[in-house]
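Shown next, in structure tokens, is the structure this report addresses.
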There are 2 protein chains.
Amino acid sequence: MSQRRRPTIHEVAKVAGVSISSVSRALNGNTSNADMVARVNAAVREVGYVPSVVAQSLKTRHTGQIAFAMEDIGNAAYLEMVRRIQPTLRDEGYRLLLHSTGADVEDELGVLASLSQNYVDGLILCPLRVTDRHVEALRQTAVPVVVIGLLPDDVPVDNVRADSRVGAQLAVQHLAEAGARRIAFIDGPLDTVPGRARYDGYRMGLAAAGRETDDALIRFTDFRFDAGRQTARELLTEHPDVDAVFGANDLIAMGALHALRELGRDVPGDVRVVGMDDTPLAATSFPPLSSVSLGSADRGRIAAELLLRRLDGDDAPPERVTVPPSLTVRESSR
Amino acid sequence: MSQRRRPTIHEVAKVAGVSISSVSRALNGNTSNADMVARVNAAVREVGYVPSVVAQSLKTRHTGQIAFAMEDIGNAAYLEMVRRIQPTLRDEGYRLLLHSTGADVEDELGVLASLSQNYVDGLILCPLRVTDRHVEALRQTAVPVVVIGLLPDDVPVDNVRADSRVGAQLAVQHLAEAGARRIAFIDGPLDTVPGRARYDGYRMGLAAAGRETDDALIRFTDFRFDAGRQTARELLTEHPDVDAVFGANDLIAMGALHALRELGRDVPGDVRVVGMDDTPLAATSFPPLSSVSLGSADRGRIAAELLLRRLDGDDAPPERVTVPPSLTVRESSR
DNA sequence: GATGGGCGGGGAAACGTTTCCGGGATGTGG
DNA sequence: CCACATCCCGGAAACGTTTCCCCGCCCATC
């Protein structure tokens with residue numbers, strides 16, 4: 001534990017026999033004198049100098065850090081995003097800060113507010129809901145922000161969105177084309193953004209396939225495995241003629257798979273099942289679960305790229321990118 | 001886009017009609033004059049002052065940031081850790097930086113080296129492997145480090161470990177007690193740390209149950225679903241008398257479940273299956289998969305707590321904590 | 001009423017960089 | 001050979017805080 005303080009640019013300057021300005025220039029490639037560069041580099045190695053990023057940040061007014069704020073990193077969709085955001089940012093020399101806000105809207109606002117402490121150069125935000133206070137905060141942030149998720153059109157902020165409505169439609173159309181006649185839908189809460197969008201998509205899908213919507217085949221529950229299983233069991237008991245179930249996310253669909261098995265129904269023989277989000281669960285379930293991907297990884301990557309462009313000085317008008325959903329068909333609906 | 005610069009402590013001082021020292025003291029609770037505090041707070045609100053954490057960091061020599069470095073946040077075990085590390089640190093006012101190093105050992109060393117840039121106050125590191133260069137780097141870090149994973153005893157660094165050897169033993173003993181007579185083992189690569197430990201644990205478990213080890217029932221493959229499935233299929237075809245499979249992680253065990261189903265064997269009737277890591281996959285598989293938890297969440301929490309203690313000035317000798325594994329029995333082995 | 005102690009607050013230095021500015025050396029053209 | 005432009009490098013200021021130090025005030029004590 002050598003308590004000797006870290007060497008600064010001054011020590012380097014002294015050893016190299018030059019001024020600190022020259023050291024700084026040499027290290028930042030702002031000098032043309034090769035001999036100078038060599039001497040400085042030698043001195044750097046000799047004293048073991050490493051620049052203080054904090055001091056650099058103070059002077060240059062940027063930190064090389066970007067924050068990603070979402071509800072819970074445990075959520076598969078956010079996880080996929082992080083996995084793409086991190087390398088994208090890192091390749092450009094940025095470090096990634098993680099903010100799990102929990103289900104706490106205040107916390108999201110706190111993150112936005114704390115941006116003026118400027119310890120980050122930018123933010124990627126996945127808001128649970130967008131309140132007026134969000135909008136207000138977003139209007140006057142000190143650094144660029146990219147929002148992943150739905151955002152009112154008049155908020156001047158880059159925005160990357162999924163289209164779970166079209167995604168749901170895709171699922172329903174696929175089931176209809178596969179020959180299903182009674183397509184049930186187990187949704188999450190209707191007062192959530194995804195719950196609503198998927199509900200609309202389900203109806204659109206049925207309409208597009210020329211089917212009537214039968215409200216008896218629609219259930220609302222939580223986006224959870226147990227909830228999906230329980231709800232599916234009730235639904236299928238009450239309506240044994242159901243020959244397809246669309247779950248509003250993979251957990252619900254997995255629950256439906258379990259319920260079907262318990263009821264002795266064959267998947268996909270008797271009942272086809274499709275989920276949504278295309279999480280790792282889908283590929284390893286039995287039977288492997290067809291699922292609609294909302295392109296979380298792509299959304300993460302695109303958000304990161306948009307942010308990088310802003311940080312690069314691009315001040316074009318805010319962009320609005322929608323990532324199209326895609327259906328991965330596996331055995332559960334084949 | 002008001003390009004007006006952020007107000008500094010100087011503006012606050014001017015508005016409040018006091019010196020910047022007094023403002024700083026008032027804001028940091030180092031003054032007893034209530035009137036002063038009130039005036040400063042009023043001025044702060046008036047000009048919309050927010051302290052610059054960068055300037056504070058430069059002066060105070062700490063940043064309020066902690067890094068967590070691991071191979072890939074997509075890995076369920078690391079994910080569980082992050083989910084506990086983040087709130088633990090946040091409660092103490094620290095921000096979390098994420099470093100996914102990829103499978104790149106150089107990158108891990110890079111993270112260690114970059115610590116002297118001191119943009120973080122501490123680091124939690126999950127090394128893939130611990131080389132001599134790791135040890136050397138760990139010996140002379142500028143900030144406290146906690147390592148999650150196996151670490152040579154002579155490295156003076158706090159260390160939190162799982163015990164996958166005992167975990168494997170637990171699984172095997174459970175299978176033996178449940179009545180299994182031919183317990184197969186599908187391991188990951190033997191030249192990885194977990195692969196080796198689980199192999200040893202498997203043998204110990206058999207020994208403890210008074211069984212012979214039959215090398216024919218041991219296979220090595222990758223820690224992946226496809227690999228597990230393929231290997232299980234071969235194993236079970238060659239040895240139809242196997243009545244239990246222990247998979248060295250959940251993915252392998254899930255693969256085994258699929259293979260068994262394809263071979264028309266009932267789980268757990270004909271063959272019992274146990275996995276390891278107790279990931280979310282286990283609970284939703286069919287049948288739900290028994291799995292040994294290595295306490296990732298606990299390890300994350302403990303690592304964070306250890307680090308916080310160091311940051312609090314504790315300079316007791318390095319600690320070595322082993323989190324005991326625990327078996328969650330579900331239907332696949334009941 | 002003078003003196004000493006305590007305390008609150010202001011001035012200024014310091015943290016470690018980057019960058020502006022200016023001076024001296026060098027080179028070029030008249 | 002001089003004048004002028006050019007180029008390098010060193011000095012110093014600045015980024016926005018915290019904190020040391022010291023001064024002046026007030027109160028208490030003799």
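The values are calculated or read from the model by the stated rules, or taken from the named source; none is laboratory data. Keep in mind the model is a prediction, meaning the values are calculated, not measured. A quick note on method: Cβ atoms are made from the backbone with ideal geometry, for glycine too, and the neighbour counts reach across all protein chains shown. Accessible surface is based on the protein model in full, side chains and every heavy atom, while ligands, DNA and RNA are left aside. Shrake-Rupley method; radii C 1.70, N 1.55, O 1.52, S 1.80 Å.
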Q.
Pairs needed: first member in region B:304-328, in the same structural domain as B:L123 (by TED's automatic domain parsing); second member anywhere, open to solvent by 50 Å² or more (accessible area, probe 1.4 Å) and not in a helix (DSSP H, G or I); C-beta distance under 7 Å; at least 6 residues apart or different chains.
A. B:L306/B:E319; B:L308/B:E92; B:P318/B:P156
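Each row is one residue, and each column tells you yes or no for (1) outside any loop (DSSP other than H, G, I, E, B); (2) in contact (Cβ under 8 Å) with a residue 60 or more places away in the chain; (3) open to solvent by less than 10 Å² (accessible area, probe 1.4 Å); (4) assigned by TED's automatic domain parsing to the domain that holds A:L175.
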site	(1), (2), (3), (4)
A:Y199	yes, no, no, yes
A:M204	yes, no, no, yes
A:A207	yes, no, no, yes
A:F223	no, no, no, yes
A:A227	yes, no, no, yes
A:L236	yes, no, yes, yes
Q: Tell me, yes or no, whether region B:176-193 has at least one residue that is among the hydroxyl-bearing types (S, T, Y) and either in the same structural domain as B:P317 (by TED's automatic domain parsing) or not in a loop (DSSP other than H, G, I, E, B) (or both).
A: no
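Kindly provide the set of residues from region A:313-334 that are hydroxyl-bearing (S, T, Y) and surrounded by fewer than 18 Cβ atoms within 10 Å (Cβ to Cβ), ordered by number. Before you say what the answer is, go through the steps one by one.
Going residue by residue through region A:313-334, those that are hydroxyl-bearing (S, T, Y) are A:322, A:326, A:328, A:332-333.
Once the filter is applied, which keeps residues that are hydroxyl-bearing (S, T, Y) and surrounded by fewer than 18 Cβ atoms within 10 Å (Cβ to Cβ), region A:313-334 yields A:T322, A:S326, A:T328.
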Q: Kindly check whether there is at least one residue in region A:121-138 that is open to solvent by 40 Å² or more (accessible area, probe 1.4 Å) and in contact with a strand residue (DSSP E or B) (Cβ under 7 Å, 6 or more places away or on another chain).
A: no
Q: Go through region A:139-165 residue by residue and tally those that are of a type outside the set (D, E) and open to solvent by less than 50 Å² (accessible area, probe 1.4 Å).
A: 16
Q.
With free of Cβ contacts under 8 Å to residues at least 24 places away in the same chain and either crowded, with 21+ Cβ neighbours inside 10 Å or not in a helix (DSSP H, G or I) (or both) as the only criterion, which of B:G269, B:G255 stands out?
A. B:G269
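Looking at region B:305-327, is at least one residue among the polar types (S, T, N, Q) and at pLDDT 95 or above? Write out each step before concluding.
Initially, region B:305-327 is screened for residues among the polar types (S, T, N, Q), giving B:322, B:326.
Restricting the remaining residues to those that are at pLDDT 95 or above gives B:322, B:326.
Yes, some residue in region B:305-327 is among the polar types (S, T, N, Q) and at pLDDT 95 or above.
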Q. Can you find even one residue in region A:208-225 that is over 24 Å from the mean Cα position of the chain (by Cα), under 27 Å from B:P287 (Cβ atoms) and at pLDDT 95 or above?
A. yes
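Tell me the helices (runs of 4 or more DSSP H) entirely within region A:25-94 that contain at least 3 residues that are within 12 Å of chain B (Cβ to nearest Cβ). Give the derivation first.
Details: elements: A:34-47, A:53-60, A:76-91.
Per the criteria, A:53-60, A:76-91.
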Q: Working only within region A:95-136, note down all residues that are in contact (Cβ under 8 Å) with a residue 24 or more places away in the chain, away from chain B (no Cβ under 13 Å) and part of a helix (DSSP H, G or I).
A: A:V105, A:E108, A:L109, A:R133, A:H134
**Q.** Yes/no for B:A168 being part of a helix (DSSP H, G or I), among the hydrophobic types (A, V, I, L, M, F, W, C) and crowded, with 23+ Cβ neighbours inside 10 Å
**A.** yes
Q.
Could you tell me how many of the residues in region B:1-24 are outside any loop (DSSP other than H, G, I, E, B) and over 19 Å from B:K59 (Cβ atoms)?
A. 3
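Taking the criterion of being in contact with a strand residue (DSSP E or B) (Cβ under 6 Å, 6 or more places away or on another chain), more than 10 Å from chain B (Cβ to nearest Cβ) and either open to solvent by less than 10 Å² (accessible area, probe 1.4 Å) or among the polar types (S, T, N, Q) (or both), would at least one residue in region A:276-288 satisfy it? Write out each step before concluding.
First pass over region A:276-288, keeping only residues in contact with a strand residue (DSSP E or B) (Cβ under 6 Å, 6 or more places away or on another chain): A:276, A:278, A:282.
Now narrow it down to the ones that are more than 10 Å from chain B (Cβ to nearest Cβ): A:276, A:278, A:282.
Then keep just the ones that are either open to solvent by less than 10 Å² (accessible area, probe 1.4 Å) or among the polar types (S, T, N, Q) (or both); that gives A:276, A:282.
Looking through region A:276-288, at least one residue is in contact with a strand residue (DSSP E or B) (Cβ under 6 Å, 6 or more places away or on another chain), more than 10 Å from chain B (Cβ to nearest Cβ) and either open to solvent by less than 10 Å² (accessible area, probe 1.4 Å) or among the polar types (S, T, N, Q) (or both).
Checking the condition open to solvent by less than 60 Å² (accessible area, probe 1.4 Å) and within 16 Å of DNA strand C (Cβ to nearest atom), which residue from B:V82, B:V54, B:V105, B:V111 passes?
Values: B:V82 fails: within 16 Å of DNA strand C (Cβ to nearest atom); B:V105 fails: within 16 Å of DNA strand C (Cβ to nearest atom); B:V111 fails: within 16 Å of DNA strand C (Cβ to nearest atom).
Going through B:V82, B:V54, B:V105, B:V111 in turn, just one is open to solvent by less than 60 Å² (accessible area, probe 1.4 Å) and within 16 Å of DNA strand C (Cβ to nearest atom): B:V54.
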Q: May I ask you to list the residues in region A:238-252 that are under 18 Å from A:V172 (Cβ atoms) and buried (at least 19 other Cβ atoms within 10 Å of the Cβ)?
A: A:V242, A:D243, A:A244, A:V245, A:F246, A:G247, A:A248, A:N249, A:D250, A:I252
Q.
All but one of (1) away from DNA strand D (no atom under 16 Å from the Cβ); (2) more than 27 Å from A:T141 (Cα to Cα); (3) among the acidic types (D, E) hold for A:D35; state the number of the condition that does not hold.
A. (1)
Q. Out of region B:146-168, which residues are under 11 Å from B:V323 (Cβ atoms) and of a type in the set (K, R)?
A. B:R161
Q) Here are some residues: A:R299, A:R261. Which one is farther than 19 Å from A:R182 by Cα and in a helix (DSSP H, G or I)? A) A:R299
Q.
Going residue by residue through region A:64-75, is there one that turns out to be more than 30 Å from A:T141 (Cβ to Cβ) and more than 14 Å from DNA strand C (Cβ to nearest atom)?
A. no
Q.
Can you tell me which condition B:Q117 does not meet? The list is (1) buried (at least 17 other Cβ atoms within 10 Å of the Cβ); (2) farther than 20 Å from B:D314 by Cα; (3) among the polar types (S, T, N, Q); (4) within 16 Å of DNA strand C (Cβ to nearest atom), and all the others hold.
A. (1)
Q | Cβ pairs under 9 Å, 6+ apart, first in region A:167-180 and under 13 Å from A:V329 (Cβ atoms), second of a type in the set (S, T, Y) and surrounded by fewer than 18 Cβ atoms within 10 Å (Cβ to Cβ) | A | A:L170/A:S326
Q.
Tally up the residues in region B:28-49 that are at negative phi and either within 9 Å of DNA strand C (Cβ to nearest atom) or open to solvent by 40 Å² or more (accessible area, probe 1.4 Å) (or both), please.
A. 15
